[in-house]
Amino acid sequence: MKLHYHPLSGHAHRARLFLSLLGIDAELIEVDLAAGAHKSPEFLKLTPFGQVPVLDDDGTIIADSNAILVYLAKKHAAKDWLPEDPKGAAAVQRWLSVAAGEIAYGPCAARLVTVFGAGFDAGEVIARAHVILQRIEAALEGRQWIAADHPTIADVALYSYIARAPEGNVDRSAYDNVNIWLKRVEALPGFVAFQKTAVGIPEAA
């Protein structure tokens, strides 16, 4: 199993983190985004979207970070990570959609400005980040995990960009439930950290 990734991509970190949580020893292939390797003909054969991560499971190609999480959970019969019952599956899917939507256009976008020089309006995307962090803070009230009474791929999908939100100048200090939840994820067996960059503001304690 091979994972085409970049160490500063939160989307790629989701996939790498879940592989590690499952105890899967995958080959990591770093894609040189700065050199445009993700737009090369070879990489576009893997995914016409030209984005990391991409999982190559002995010729089965899975692109998109959330799709990779679902694939791995299904292939390895990790029912705790992706419940089979309708209610449980829907609860996880709800937060996968948040990861692909509000997280991508909030804390992810804010970090893209500082780490990669993206041309988003910093004030706008930081404000979006706080809206979704407030909602996640409320959703975590009285519970340990976001979608179930145990960790699921929803927690994995949300973790990376929330953990590195301060790099995008998003202050996490007011979100106690979120910060405790982050530490809970980091305490999971097999956890692998998302590489830090020296930009933004200090992380919440």
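The values are calculated or read from the model by the stated rules, or taken from the named source; none is laboratory data. Just so it is clear, the structure is predicted and the values come from calculations on it, not from any experiment. Glycine also receives a Cβ, built like all others from the backbone with ideal geometry; neighbour counts cover every protein chain displayed. SASA here: full protein model, heavy atoms, side chains in, ligands and nucleic acids out. Shrake-Rupley method; radii C 1.70, N 1.55, O 1.52, S 1.80 Å.
Only a single criterion out of (1) surrounded by 16 or more Cβ atoms within 10 Å (Cβ to Cβ); (2) modelled with pLDDT of 95 or more is not satisfied by residue 74, namely (1). Of the residues making up segment 165-188, those that are touching a Leu at 6+ places or on another chain (Cβ under 9 Å) and either part of a loop (DSSP other than H, G, I, E, B) or open to solvent by less than 60 Å² (accessible area, probe 1.4 Å) (or both) are 165, 168, 170, 172, 174, 175, 177, 178, 181, 185, 188.
Candidates are the residues of segment 80-138 that are assigned to a helix (DSSP H, G or I) and of a type in the set (D, E, K, R); the one that is least open to solvent (accessible area, probe 1.4 Å) is 111. Being at pLDDT 95 or above, open to solvent by less than 40 Å² (accessible area, probe 1.4 Å), more than 18 Å from the chain's Cα centre (by Cα) and over 23 Å from residue 166 (Cβ atoms) is a property that residue 36 lacks.
Would you mind stating whether residue 186 is over 23 Å from residue 77 (Cβ atoms), of a type in the set (Asp, Glu) and under 15 Å from the mean Cα position of the chain (by Cα)?
Working: over 23 Å from residue 77 (Cβ atoms): yes; of a type in the set (Asp, Glu): yes; under 15 Å from the mean Cα position of the chain (by Cα): yes.
It is true that residue 186 is over 23 Å from residue 77 (Cβ atoms), of a type in the set (Asp, Glu) and under 15 Å from the mean Cα position of the chain (by Cα).
Here is the figure for segment 152-164: residues that are closer than 17 Å to residue 202 by Cα and outside any helix (DSSP H, G or I) total 1.
Conditions (1) closer than 24 Å to residue 178 by Cα; (2) of a type in the set (D, E, K, R); (3) over 14 Å from the mean Cα position of the chain (by Cα), marked per residue:
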position: 96; (1), (2), (3): yes, no, no
position: 108; (1), (2), (3): yes, no, no
position: 121; (1), (2), (3): no, yes, yes
position: 129; (1), (2), (3): yes, no, yes
position: 139; (1), (2), (3): yes, no, yes
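Screening segment 23-33 for residues that are out of contact with any helix residue (DSSP H, G or I) (no Cβ under 6 Å at 6 or more places or on another chain) and under 21 Å from residue 157 (Cα atoms) and picking the one that is surrounded by the most Cβ atoms within 10 Å (Cβ to Cβ) gives 24. Which residues, taken from segment 24-51, are in a helix (DSSP H, G or I), under 22 Å from residue 112 (Cα atoms) and charged (D, E, K, R)? Passing the criteria: only 39.
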